[in-house]
Structures are given as C-alpha cells and as structure tokens.
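Heads up: the structure comes next, in structure tokens.
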Amino acid sequence: MTISGNRIKADRPEPIISNIDVVPYKKRMDPQVAIDALLDGYHVLIIDYYSSGLILLNELKKKLKSSYSDESFQGQREFRSKFRELSNRILLKINNSKLNVRKAPEIGWLKILYPELTEFLLSFPQIQGLNSSWQWYLKGIYIPVLKRKIHPWFGTYFPTRFEHIELFDEWLKKYQGEKSSAIDIGIGSGILSFQMLKHGFKKIYGTDFNPNAIIGLNEQIERNKLQSKTELFYGDLFSEITQKSELIVFNPPWLPASYDSEGLDKAIYYDKDLFPRFFENAQKHLKPNGRLVILFSNLAQLTNLCNVSPIEEELARNTQFQKEHFIQKEVRPASKNTHRNQSWRSSEKVELWIIKLAGKA
C-alpha cells in the first residue's frame with residue numbers, strides 16, 4: 001500500500017524456503033530426543049499433529065526451567081531469551097496457505113502475508129503468534145475507554161493493561177488547550193489517537209516505524225470513515241511530518257534494551273538514544289504554547305534496569321523544555337493466572353508527564 005507517497009510492505013516472519021536438515025518429531029517419540037537435537041543446534045520438524053508441537057514446547061520449557069531457576073526479573077529475561085532461541089528451531093511446513101499437520105488451526109495471515117509462496121517452513125512460535133494475531137484481528141480487542149473494539153493487524157502492539165490509557169483519558173477530559181491538531185508518535189493500534197478524536201481533536205497526524213501498524217490502522221480508519229481526520233506517516237519518530245501542533249503525544253517503550261530489539265520487542269524496549277532524539281525533534285514540531293504528553297512507567301526502576309527515568313535525565317540535560325505536571329496511577333495486581341513472578345507489580349505506577357517549552361505559560 002502507499003502512505004504519504006511512500007510504498008510500504010508488510011513485515012512478516014521470515015519464511016524458510018531453502019533445503020535444511022531437520023530432525024522429524026511426532027507425538028509417539030520421546031521428547032528428550034527432540035530437545036537434545038535442539039540443544040545440539042539442529043532444527044526439529046513436527047510431522048503429525050499440531051498438538052505435538054505444543055507438547056514439545058512444554059517439555060522444552062520444563063527442561064530449561066531446571067537450568068534457569070533465578071526468579072528475578074533479569075533471571076526470567078535470560079530464561080525467555082534461551083527459550084525463544086531454542087523454540088524457534090521447532091518448525092512446521094506450510095503448503096498452499098495451510099499447515100501441513102493434522103488438527104491445525106486455520107490462519108488467514110498465511111494467505112495474506114505469503115501470497116507468492118506455495119511451500120515453506122516457519123517456526124512453531126511464529127505460527128503460534130500468527131494464530132493468536134488472527135484470532136485477535138477477527139474478534140477484536142475491547143478497549144474500555146473507547147467503549148468499542150479495535151482490530152489490530154499482525155505484528156502491531158496493543159495494550160493488555162489499560163491504566164496508562166485511563167490516565168490519559170482522565171487528563172483529556174480536563175484539557176483546555178487548542179484542539180485543532182495533535183501528533184501521535186508511535187501510533188500503534190491507534191488507541192491514543194481515537195481517544196483524542198473522541199475528545200474533540202479535529203486532526204491527528206500519526207507516525208510509526210512499523211509498517212504493519214500503518215497498514216492495519218489505515219484499514220480501521222477507512223472502516224470508520226476517519227480519513228479526513230487522520231493522516232498517517234510511515235517512519236521513525238516524526239517521520240516526514242512538517243506541521244507544528246499544540247499537542248504531541250508519545251507512549252514510548254518502558255524498558256531499556258539490553259540487545260538489538262526486533263519485531264514487537266521494539267514496542268517494549270527502548271534504545272539509549274530514543275529520548276534525546278524525541279526531544280530534539282519535538283522542539284521543531286511543537287507550537288509555542290503547546291504541550292508534550294508522555295505516558296510512561298516506573299517499571300525499569302522497580303526491576304533495577306535503571307536508576308533514573310530517561311525523561312528526568314533528558315529534562316535535566318535539555319534546557320529547552322520543563323516539566324509542567326506529573327501524574328501517577330497505581331497498577332492493578334497481576335492476574336492470578338500469570339506464571340511469572342511479578343511481585344514488583346504492587347509498587348508499579350504508570351506516569352503521565354506534561355512538558356512545555358521552557359519559559360512559556
């Protein structure tokens with residue numbers, strides 16, 4: 001599709017189309033044989049039932065849990081990294097947009113994302129991601145503050161917790177500034193933009209470096225007939241936006257990256273230069289009496305990934321901006337169904353930073 005004159009192509013899990021050596025696995029085999037093959041660097045191909053892959057993933061998780069027993073935040077991160085590495089060597093074959101195993105789910109993304117391929121391989125976790133995404137896309141995700149569903153496209157981040165969105169909505173209800181336009185940086189599934197439209201903003205300029213977010217949100221905009229009120233830009237931070245606005249909204253990742261992030265991890269982990277680049281560019285796009293609104297969390301400090309908020313660091317360094325207001329909201333307890341140690345959730349707070357140009361009223 002074409003957005004703002006630029007042709008963009010959807011991101012998709014990279015298909016394996018070359019011949020590779022695989023160790024076949026089916027339900028009647030000892031899972032340890034397949035796990036040993038994975039640990040030795042081989043790929044394992046599921047050849048009978050879809051459920052065989054689920055069994056193998058569960059056995060692999062049990063095996064790794066015994067080696068990665070550290071329950072700290074960092075320990076869990078290391079476990080997930082190793083599990084991701086090994087589980088992505090478990091493969092499934094796709095023929096004519098169908099999984100080549102019995103009792104497998106129907107996944108519409110296979111036809112949409114791979115129209116030119118009749119036979120290829122994908123990892124089992126990639127297939128799981130495609131399957132979950134397809135169900136979310138079909139059924140929609142209900143967003144309480146919007147009182148309706150969104151239908152996120154494959155590979156697009158959407159929240160599973162809503163405290164920061166509620167905090168933003170509470171602030172919007174009291175907002176007394178101009179509402180002619182707003183810029184939504186990293187628009188994602190569009191929730192913040194839909195909130196601003198609900199509260200009377202006339203025009204939203206949204207950017208995202210994720211092509212799938214732009215493709216999916218463009219579908220939603222057309223479906224809801226919001227083309228005249230929303231303009232999308234594909235690219236990093238402010239992309240090719242030339243307009244100045246009275247409100248710039250940014251919901252960045254909340255955790256510092258310890259490695260090069262890919263895919264949806266880019267919506268969770270931020271690079272060290274993200275906030276300096278954002279503030280430098282925001283200065284060029286903010287009207288004199290405008291405001292920056294940043295939605296954030298104290299999660300990184302609670303989990304000992306950093307000592308000081310990157311927003312505080314940038315405000316101390318960048319004298320062009322100053323904090324006007326700071327609001328926090330407690331986070332609800334973790335679900336009883338979660339298997340992760342999330343004791344820190346009792347102290348977590350989401351944050352709303354209101355920032356203005358220095359010296360402005």
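What follows is calculated from the coordinates using simple rules that are stated; it is not laboratory data. Quick caveat: nothing in here was measured; it's all calculated off a predicted structure. All Cβ positions, glycine included, derive from the backbone under ideal geometry; neighbour counts span all protein chains shown.
About the centre of its Cα atoms, the chain shows a dipole size close to 1260 debye [charges on the beta carbon of Lys, Arg (+1) and Asp, Glu (-1) only; nearest 20 debye]. Listed peptides 208-219, 236-247, 121-132 appear in the order 208-219, 121-132, 236-247 once ranked by packing, highest mean of other Cβ atoms within 10 Å at the front. Other residues within the sphere of radius under 13 Å centred on the Cβ of A282, judged by their own Cβ, net out at +2 (K and R +1, D and E -1). The distance between label points at V308 and R277 comes to 2.2 nm (points 7 Å beyond Cα on the Cα→Cβ vector). Exceedance of the 31 Å cut-off in Cα-Cα distance is limited, within the set K147/K349; K65/K93; K27/K111; K63/K111; K27/K65; K147/K329, to K63/K111.
Site pair T319 and T242 shows an inter-label distance of 3.3 nm when each label is modelled 7 Å from Cα along Cα→Cβ.
As a calculated quantity, the FRET efficiency between R80 and D30 at R0 = 22 Å, using C-beta atoms, amounts to about 0.30.
For the stretch 84-232, with only Lys/Arg (+1) and Asp/Glu (-1) charged at the beta-carbon, what is the dipole magnitude about the Cα centre, in debye rounded to 20?
Computed charge dipole of the stretch 84-232: roughly 500 debye.
Springs join every pair of Cα atoms under 10 Å in this Gaussian network model of the chain, and among P13, P115, P310 the largest mean-square fluctuation is at P115. On the beta carbon distance between I354 and A257, with R0 = 35 Å, the FRET formula returns roughly 0.85. Arranged from fewest to most other beta-carbon atoms within 10 Å of their beta carbon, V22, V308, V44 become V308, V22, V44. Note on the chain: GNM, Cα springs under 10 Å; of N19, N318, N58, the largest mean-square fluctuation is that of N19. From the Cα gyration tensor of the stretch 143-357, with a ≥ b ≥ c the square roots of its eigenvalues, which class applies: rounded if a/c is under 1.5, or else prolate if a/b is larger than b/c, or else oblate? Rounded, because the longest to shortest axis ratio a/c is under 1.5.
The packing ranking of peptides 23-32, 46-55, 185-194, 276-285, highest mean first, is 185-194, 46-55, 276-285, 23-32, where packing means the average number of other beta carbon atoms within 10 angstrom of each residue. A full extension of the chain between Q328 and R7 corresponds to an added length of 111.5 nm, given 0.36 nm per residue minus the alpha carbon distance. Is the shape of the stretch 2-137 best called rounded, prolate or oblate, per the rule: a/c under 1.5 gives rounded, else a/b larger than b/c gives prolate, else oblate, with a ≥ b ≥ c the square roots of the Cα gyration tensor eigenvalues? In terms of gyration-tensor shape, oblate.
Stretched out straight at 0.36 nm per residue, the stretch from K103 to I55 would grow longer than its current Cα-Cα span by 15.9 nm.
Each of K203, K103 was scored by other Cβ atoms within 10 Å of its Cβ. Listed from fewest to most, they are K103, K203.
The slack in the chain from K139 to Q301, taken as 0.36 nm per residue of separation less the alpha-carbon distance, amounts to 54.7 nm.
What FRET efficiency would be calculated for the residue pair S67, I112, taking the C-beta separation as r and a Förster radius of 35 Å, to the nearest 0.05? Spell out each step's value before the answer.
Numbers: r = 39 Å, r/R0 = 1.10.
Plugging the Cβ-Cβ distance into 1/(1 + (r/R0)^6) gives 0.35.
In terms of the Cα gyration tensor, with a ≥ b ≥ c the square roots of its eigenvalues, is the chain rounded because a/c is under 1.5, prolate because a/b exceeds b/c, or oblate? Prolate is the answer for the chain, as a/c is 1.5 or above and a/b outweighs b/c. Summarising the strand pairing of the chain, around 55 percent of its internal DSSP beta bridges are antiparallel.
All other residues whose Cβ lies under 12 angstrom from that of K203 are scored, Lys and Arg at +1 and Asp and Glu at -1, for a net of -1. If both residues of a DSSP beta bridge must be in the stretch 2-137, then about 60% of such bridges are antiparallel.
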